[in-house]
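A.B. asks: Below: one structure in structure tokens.
The values are calculated or read from the model by the stated rules, or taken from the named source; none is laboratory data. Fair warning: this is a prediction, and the values are worked out from it, not measured in the lab. Counting neighbours? That spans all protein chains shown, and the Cβs are built from the backbone with ideal geometry, glycine included. Surface areas here come from the heavy atoms of the whole protein model, side chains and all, with no ligands, DNA or RNA. Shrake-Rupley method; radii C 1.70, N 1.55, O 1.52, S 1.80 Å.
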Amino acid sequence: MDIAGLSFRTFAHATEDEEKVEQALKLASGADEITRSKSEGYHGNPIVVMEAKISRSKEIKEFFASLPVEDVQRLLDTLEIRIDEESMFFLRLDKQAAFEGRLTLGRNDDVISVRGKIKSYPQSRENAL
């Protein structure tokens, strides 16, 4: 699968240490540059949205190589539900595990969302698969 780039996004809630969340995002993405924006939760609680992007083929390969083999297999087994009509690929990483220095697929709501654009010609879900 040829991916044009990966975008990573996570949230630092008011109860979390922003620096620790940024550290987890940097580990997950391998990116040096993190963009931040402020948002507000449903009940008015402050949320910091953090995003990072990688686009070099080497960085993308390194990201997938850093995932446990069983997680890569799980991605492959569920590929059909992870690709949308615009050839976008989606996965979620465990944010707490990333802070601890491990990359693993997320199984709860405390995640780093990852999406990537799959190169396919002509662009379609079927060609991406």
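A.B. asks: Do you know which residues across region 102-123 are touching a residue at least 12 places away in the same chain (Cβ under 8 Å) and more than 21 Å from Glu51 (Cβ to Cβ)? Break it down stepwise before answering.
C.D. replies: Quick first cut of region 102-123, residues touching a residue at least 12 places away in the same chain (Cβ under 8 Å) only: 103-108, 110-120, 123.
Answer for region 102-123, where residues must be touching a residue at least 12 places away in the same chain (Cβ under 8 Å) and more than 21 Å from Glu51 (Cβ to Cβ): Arg107, Lys119, Ser120, Gln123.
A.B. asks: Filter region 88-129 down to the residues that are in a helix (DSSP H, G or I) and in contact with a helix residue (DSSP H, G or I) (Cβ under 7 Å, 6 or more places away or on another chain), then identify the one that is surrounded by the fewest Cβ atoms within 10 Å (Cβ to Cβ).
C.D. replies: My answer is Phe99.
A.B. asks: Moving on. Out of the residues in region 1-51 that are of a type outside the set (A, V, I, L, M, F, W, C), closer than 22 Å to Glu62 by Cα and assigned to a loop (DSSP other than H, G, I, E, B), which is least open to solvent (accessible area, probe 1.4 Å)?
C.D. replies: This residue is Gly30.
A.B. asks: Working only within region 11-56, note down all residues that are touching a Ser or Thr at 6+ places or on another chain (Cβ under 7 Å) and either at pLDDT below 95 or among the β-branched types (Val, Ile, Thr) (or both).
C.D. replies: Val21, Ile47, Val49, Ile54
A.B. asks: Take the residues of region 52-81 that are closer than 21 Å to Arg107 by Cβ and assigned to a loop (DSSP other than H, G, I, E, B): which is most open to solvent (accessible area, probe 1.4 Å)?
C.D. replies: Of the residues in region 52-81, the ones closer than 21 Å to Arg107 by Cβ are 63-64, 66-81.
Filter once more, keeping what is assigned to a loop (DSSP other than H, G, I, E, B): 66-68, 78.
Values: Ser66: 58, Leu67: 10, Pro68: 37, Thr78: 38 Å².
Per the criteria, the residue is Ser66.
A.B. asks: Being within 15 Å of the chain's Cα centre (by Cα) and among the β-branched types (Val, Ile, Thr) narrows it down to one residue among Val72, Val48; which is it?
C.D. replies: Val72
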